[in-house]
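Quick notes on the structure that follows.
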Amino acid sequence: MLYRTAGQFKTSYVADQALFPVKQDAVLLWLFLLLGWVIFPLTASEFAFQALLIPILIYALAAMGLNILTGFAGQLSLGTGAFMGVGAYACYKMVTIFPELNPIIAILLSGFFSAGIGVVFGIPSLRIKGFYLAIATLAAQFFLVWLFEKWSWLYNYNASGAIQVPNLEMFGIFVSGPQASSVTEYYIVLFVVTLLTILCINLTRGNLGRTWKATRDMDIAAELIGINLMKSKLTAFAVSSYVVGVAGALYVFSWKGAAEPNVFDIPLSFQVLFIAIIGGLGSILGNYLGAILIVGLPVMLNVIAGTQVFEMSTTSSLLLAALVAGATFLFWIARSMWGMGAAIGFGAVTLIYGYAQLQGFRIESALIEHINVMIIGALIVFFLIIEPHGLNQLWRLIREKLIIWPFPH
């Protein structure tokens, strides 16, 4: 009923190719923008900003850059972390050499340095592809991290070898550095992420995006119909590295505040890759869904594991009712999409965990870390086998069922 499309007629090709062919999708977008720009800044705590909102946006932006290269252009890359480092170090050098430079301009300009490095290391894609290209980008990962460690000019000859973000002002307000507030940093990140998301949506829906998709699906056929493979692949590397470089600058200047070279090592590259895979390759929305899951899951596990209920009070009764409702909902969704086996698994896990919580079972923080790694690994295997297109495809299936509800097909 919520997605009823009766009365929504398309009388032109422009309306048929609109970004939101269903009006409810546009309403949802405006609702999320209202939450992001108004509700969250007024209600979120310091912990929510630093542990959830800011990192989710930054990781989603980094995954978006990788998704342009891997999901849309079909070029594998394992050097995302290093390209984020290029953006971070470039931004650091710009704000130290030109202290009067606007911080947002410096963050946006840092992506061009990363784009240039990405094009250089993307040249092998003209002759190799697949896992061989992934190894080439992995070599870029090792080389760039080594360069961050050995080239002392990059971190201004600091004895610790780390880059420290100075206090940067804009219109008399500290927007970066130790004196900047979390709300200000959040708005800076949100503005940049929104801007680049609009850019990526337009690029992937335009001629360049169709060129990337043709190259991804079959490069030989794309070349036969007149597509310049060199231009297609190198532009994908350039745009992807630009977005990833800006994400790296935000990673240091609007979240961490300082960084050492090993921060941009290969674990960061794999984390961004996991977000892109779980969210869904070849999609924009999937990057946000994957980032919410990967970044929010450890925080939720730690918070929930620290909550302990010792007696059956009114609060615990409401909690039990909520757990039963959640298990029922997961059972219905899983049964309609993946069959009875997956449904029983989802429902049983929810009920078992709820029963353990109500009995006062406490999970140690060290165990939480291992559980988090196991859950992420299981999710990757699950989506690769059951739903290769990730959370974006899951949302698409739910949306299609809502459009035709209550009819089964």
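Amide H to amide H, with H built 1.01 Å from N, ALA73 comes under 5 Å of no residue 5 or more places away or on another chain.
Remark: the ASP217-LEU397 segment gains 62.5 nm on full extension, using 0.36 nm per residue and subtracting the alpha carbon distance. Once the Cβ-Cβ distance of VAL14 and ILE123 is raised to the sixth power relative to R0 = 41 Å, the FRET efficiency obtained is 0.60.
Here is the list for the stretch 121-184: chymotrypsin sites (Phe, Trp or Tyr not before Pro) lying in DSSP coil, each with at most 10 other C-beta atoms within 10 angstrom of its C-beta, are TYR157, PHE171. Classify the stretch 21-285 as rounded, prolate or oblate, taking a ≥ b ≥ c as the square roots of the eigenvalues of its Cα gyration tensor: rounded when a/c is under 1.5, otherwise prolate if a/b is larger than b/c and oblate if not. It comes out oblate by the Cα gyration axes.
The stretch 88-145 and the stretch 1-41 have Cα centres lying 36 Å from one another.
Extension gain, LEU28 to ALA139: 0.36 nm times the residue separation minus the Cα-Cα distance gives 35.8 nm.
Residue separation of PHE407 and LEU199 scaled by 0.36 nm, minus their Cα-Cα distance, works out to 71.1 nm of gained length.
No lab work stands behind these numbers, since they all come straight from the coordinates. Predicted model only: the values in this text are computed from it and were never measured. Cβ sites come from the backbone with ideal geometry, for glycine too, and all protein chains shown count toward neighbours.
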